[in-house]
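Engineer: I'd like to ask you about the structure that follows.
The values are calculated or read from the model by the stated rules, or taken from the named source; none is laboratory data. Please read these numbers as outputs of a predicted model, since none were measured by experiment. Quick reminder, even Gly has a Cβ in these numbers, built from the backbone with ideal geometry, and neighbours come from all protein chains shown.
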């Protein structure tokens, strides 16, 4: 009796479960929403929660029973990623390739392998490996022989250095290697190795046959002087004060923690923390080149600075010179940029005929120089001081020509009082600057191939040619000639008086020379030119 009742009750219960799977607690039927009003895809919800706009579907059954929400594998062919148990509609929305064959993505495209990128590893698909390699600009290394993620991660060894300890010929020894190199040693030699990151082989705690020494060395990939331990491995940067310090010989000490950090330590007998960028590098000690001998070993921080014409220059400094003995822009003179590099001075000429000038600056005591274009060609065409001195467009100078303005120009520019003052000054041979003509000339005098009859030298130099006629009077009773007109362009001598132009010839000569290789000059070596004459002014 009791047994029959129990069976009946179970039957009723099973029927109840079967018929209420999609019925809510209040009797409402659940629907499979292709998309809910909250934006979620393929959810079993009340019909009121379904988004039915457009062609979106809502059916009174579970989503697992629908075709559009059936779970499968979604494969992204661009990124190489696979998403398991993904509804087809979701996969389509994400731009993936849907496969209904395996919801767990057991398909060829989703086969995993070990992707080695530099020193990193990732257990991904081959397409994903290629994508990651392209992102980092590295070669693709995809290994199908590594079948699980743990083994893949373990295969990526570090470039961190340390003590690679192993036993050889019944002796515990060591090599200072990267973790990757240590692993390769283990594979190649079948030694059982221990890798101790950041440790030196000379560390007492490792119990190897390696220990401190007084030997030092230089390495190709660094500037510094390093200690060597007894097994021939690199130790820390050379510091003579720590040669017997056990802690110093135990763990790696970086450059910033070493002696003389942020200094070149050039010529130091005690510290090997050289720095190429501030003027020193590791070199074998030479008595003729190094001021002192190192306290230990045979290597030292060599000074990379230079000495030029009695002056000291730092490694990397550049500066300007000219080949003119007088330092002037004479015929044949040119500009040069000099470079101090690795203890040697090299010469870099600027463009010939002074078409380039050398520009020098100094920043925090460090000299820098460069050759720059000499923009002089349109100077003489400028008639306005502002245009002449516009350094954005040209390299020019606004100078007094030494010639008085024409009378008609003075009458146009000056008022009655000014003209009166002008003639008073002129009579007294005291002419003010405002009465002179100004011209625009090159700030950096260019050079010419003056020996070439078809060149531009004659045309340019003729611009500065000028004449000034002084008028003199002399008493019938004798005496000196007395200047009465244009006295600003003559010079007093034994026969003449009243002249005020002691600077006029020099002024005209400077104007001439500013235009280029014009006038009466010696060349850059001090040799006189052809038809050289005494430049002193004479009056005929």
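Engineer: Out of the residues in the range 320-349 that are at pLDDT below 90 and touching a helix residue (DSSP H, G or I) at 6+ places or on another chain (Cβ under 8 Å), state the one that is surrounded by the most Cβ atoms within 10 Å (Cβ to Cβ).
Structural biologist: Once the filter is applied, the top-ranked residue is 329.
Engineer: Name the residues in the range 32-49 that are farther than 18 Å from residue 71 by Cβ and either surrounded by 12 or more Cβ atoms within 10 Å (Cβ to Cβ) or modelled with pLDDT under 50 (or both), would you?
Structural biologist: Scanning the range 32-49 gives 37, 46, 47, 49.
Engineer: Moving on to the next point. Out of all the residues in the range 485-500, which are modelled with pLDDT under 85 and in a strand (DSSP E or B)?
Structural biologist: Across the range 485-500, the qualifying residue is only 485.
Engineer: Would you call residue 137 within 21 Å of residue 78 (Cβ to Cβ) and assigned by TED's automatic domain parsing to the domain that holds residue 66?
Structural biologist: Judged against the criteria, residue 137 is not a match.
Engineer: Out of all the residues in the range 229-248, which are closer than 18 Å to residue 293 by Cβ and touching a strand residue (DSSP E or B) at 6+ places or on another chain (Cβ under 7 Å)?
Structural biologist: 238, 239, listed by residue number.
Engineer: Among the residues in the range 68-81, are any assigned to a strand (DSSP E or B), more than 30 Å from residue 37 (Cβ to Cβ), touching a strand residue (DSSP E or B) at 6+ places or on another chain (Cβ under 6 Å) and touching a residue at least 24 places away in the same chain (Cβ under 8 Å)?
Structural biologist: Among the residues of the range 68-81, not one is assigned to a strand (DSSP E or B), more than 30 Å from residue 37 (Cβ to Cβ), touching a strand residue (DSSP E or B) at 6+ places or on another chain (Cβ under 6 Å) and touching a residue at least 24 places away in the same chain (Cβ under 8 Å), which makes the answer no.
Engineer: What number of residues in the range 501-517 are at pLDDT below 75 and part of a loop (DSSP other than H, G, I, E, B)?
Structural biologist: 3
Engineer: All but one of (1) more than 30 Å from residue 295 (Cα to Cα); (2) touching a strand residue (DSSP E or B) at 6+ places or on another chain (Cβ under 6 Å); (3) in a loop (DSSP other than H, G, I, E, B) hold for residue 140; state the number of the condition that does not hold.
Structural biologist: The number of the failed condition is (2).
Engineer: So, of the residues in the range 84-120 that are closer than 30 Å to residue 158 by Cα and in a loop (DSSP other than H, G, I, E, B), which turns out to be farthest from the chain's Cα centre (by Cα)?
Structural biologist: 111
Engineer: Those residues that are surrounded by fewer than 20 Cβ atoms within 10 Å (Cβ to Cβ), within 16 Å of residue 297 (Cβ to Cβ) and in contact (Cβ under 8 Å) with a residue 12 or more places away in the chain, I need them from the range 229-241; list them, please.
Structural biologist: 230, 234, 240, 241
Engineer: For the list (1) surrounded by 11 or more Cβ atoms within 10 Å (Cβ to Cβ); (2) modelled with pLDDT under 85, I need the number of the one condition that residue 14 fails.
Structural biologist: Going through the list (1) surrounded by 11 or more Cβ atoms within 10 Å (Cβ to Cβ); (2) modelled with pLDDT under 85, residue 14 breaks only (1).
Engineer: Let me ask something else about it. Picking from 320, 274, which residue would you name as being touching a residue at least 24 places away in the same chain (Cβ under 8 Å) and within 18 Å of residue 255 (Cβ to Cβ)?
Structural biologist: None of the others qualify; the one that does is 274.
Per-residue answers, yes or no, for (1) surrounded by fewer than 18 Cβ atoms within 10 Å (Cβ to Cβ); (2) assigned to a loop (DSSP other than H, G, I, E, B):
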{"site": "158", "(1), (2)": "yes, yes"}
{"site": "166", "(1), (2)": "no, no"}
{"site": "182", "(1), (2)": "no, no"}
{"site": "185", "(1), (2)": "yes, no"}
{"site": "188", "(1), (2)": "yes, no"}
{"site": "210", "(1), (2)": "no, yes"}
{"site": "217", "(1), (2)": "no, no"}
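Engineer: With respect to residue 263, determine if the residue is within 15 Å of residue 300 (Cα to Cα) and without any contact (Cβ under 8 Å) to a residue 24 or more places away in the chain.
Structural biologist: Yes.
Engineer: Then there's this: What strands (runs of 3 or more DSSP E) completely inside the range 350-445 contain at least 2 residues that are over 28 Å from residue 318 (Cβ atoms) and either over 55 Å from the mean Cα position of the chain (by Cα) or modelled with pLDDT under 90 (or both)?
Structural biologist: 396-404, 436-442
Engineer: If you go through the range 261-284 one residue at a time, do you hit one that is within 27 Å of residue 120 (Cα to Cα) and surrounded by 18 or more Cβ atoms within 10 Å (Cβ to Cβ)?
Structural biologist: No: zero hits.
Okay, residues lined up against (1) outside the structural domain of residue 182 (by TED's automatic domain parsing); (2) surrounded by 14 or more Cβ atoms within 10 Å (Cβ to Cβ); (3) closer than 30 Å to residue 179 by Cα:
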position: 60; (1), (2), (3): yes, no, no
position: 65; (1), (2), (3): yes, no, no
position: 74; (1), (2), (3): yes, yes, no
position: 80; (1), (2), (3): yes, yes, no
position: 86; (1), (2), (3): yes, yes, no
position: 98; (1), (2), (3): yes, yes, no
position: 103; (1), (2), (3): yes, yes, no
position: 123; (1), (2), (3): yes, yes, yes
position: 151; (1), (2), (3): yes, yes, yes
